[in-house]
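The values are calculated or read from the model by the stated rules, or taken from the named source; none is laboratory data. This one's a predicted model, so the numbers in the text were calculated from it and none came from an experiment. Cβ: placed from backbone, ideal geometry, glycine included. Neighbour counts: every protein chain shown.
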Amino acid sequence: MVVLSSIASGSWNHERRLADFGLSTELIHTALRPGLTRATNRSSKALRSTPGTDIYNDAMEQFHQLLAEDGWSLTYVDQQPRLVHPDGLIAFTVAAGRNVGNGDVRIKPRTGRKGKATRQSLQVSRTQVPMLFGAEEAYLEAELDASARTAPLWLLVHERTSSGLNLELSRPSAMTPGGIVNDWAEQIPIKFLDLDGDLSIFDVPDDDGDINVSVEPL
């Protein structure tokens with residue numbers, strides 16, 4: 001049975017659920033905004049796949065930077081990058097989809113095609129990693145890999161619109177034979193990331209004190 005938080009409890013409970021994992025709407029928006037801005041500003045000469053790549057690559061890098069101090073790790077499971085909670089509560093990756101953040105339990109998000117890493121994570125059970133005597137570094141690497149494989153996999157699913165991103169953090173429960181995730185154990189809707197009126201896209205980092213011209217509305 002799908003647990004769709006938006007129907008039952010409202011945005012406050014969504015935020016509390018994110019906080020269970022050490023996440024927040026603000027953090028998620030902060031991580032996604034640079035890639036979305038880059039994607040939005042692409043010219044018509046860019047490849048059709050480029051905006052999606054901008055969002056995916058930038059978001060994974062931004063999340064790693066923002067979460068590393070809290071003990072999160074980035075690792076790969078069969079070439080799929082995942083950010084792993086320090087206590088193994090969750091591992092997540094970014095995924096594009098359709099029908100995202102809809103709010104209607106009859107209309108479920110559908111991702112693009114996923115591979116064996118996602119499919120295996122829907123079937124995985126927790127296992128212990130044996131200690132390798134005299135090989136602490138190898139053990140720690142194996143432990144991280146095992147944690148990534150056995151921690152519940154969630155997808156930060158996004159759908160790009162003309163003005164921003166529809167978002168939800170959701171735990172997949174089923175895939176089609178073709179690799180599309182189409183059913184979910186839990187869905188946590190996240191506030192729409194709206195770039196309209198967001199002046200941060202014009203921020204210039206590491207300003208060296210060049211001439212600043214103030215612009216005021218007419």
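Some notes on this structure:
- Residues of the range 40-98 that turn out to be in a loop (DSSP other than H, G, I, E, B) and touching a helix residue (DSSP H, G or I) at 6+ places or on another chain (Cβ under 6 Å), as a count: 3
- Failed item in (1) at negative phi; (2) in contact (Cβ under 8 Å) with a residue 12 or more places away in the chain, with G22 passing the rest: (1)
- Residues in the range 39-48 that are under 17 Å from A95 (Cα atoms) and either of a type in the set (D, E, K, R) or in contact with a Gly (Cβ under 7 Å, 6 or more places away or on another chain) (or both): R48 only.
- For the range 103-218, the strands (runs of 3 or more DSSP E) that sit wholly inside it and include 3 or more residues that are modelled with pLDDT of 50 or more and surrounded by fewer than 20 Cβ atoms within 10 Å (Cβ to Cβ) are 164-175, 181-194.
Table: residues versus (1) touching a Lys or Arg at 6+ places or on another chain (Cβ under 9 Å); (2) within 22 Å of F192 (Cβ to Cβ); (3) surrounded by 13 or more Cβ atoms within 10 Å (Cβ to Cβ); (4) not aromatic (F, W, Y).
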| position | (1), (2), (3), (4) |
| --- | --- |
| L18 | no, yes, yes, yes |
| P34 | no, yes, yes, yes |
| T40 | yes, yes, yes, yes |
| L47 | no, no, no, yes |
| H85 | no, no, yes, yes |
| G88 | yes, no, yes, yes |
| V94 | no, yes, yes, yes |
| G97 | yes, yes, yes, yes |
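- Test for V94: is it within 20 Å of A59 (Cα to Cα) and in contact with an Asp or Glu (Cβ under 9 Å, 6 or more places away or on another chain): no
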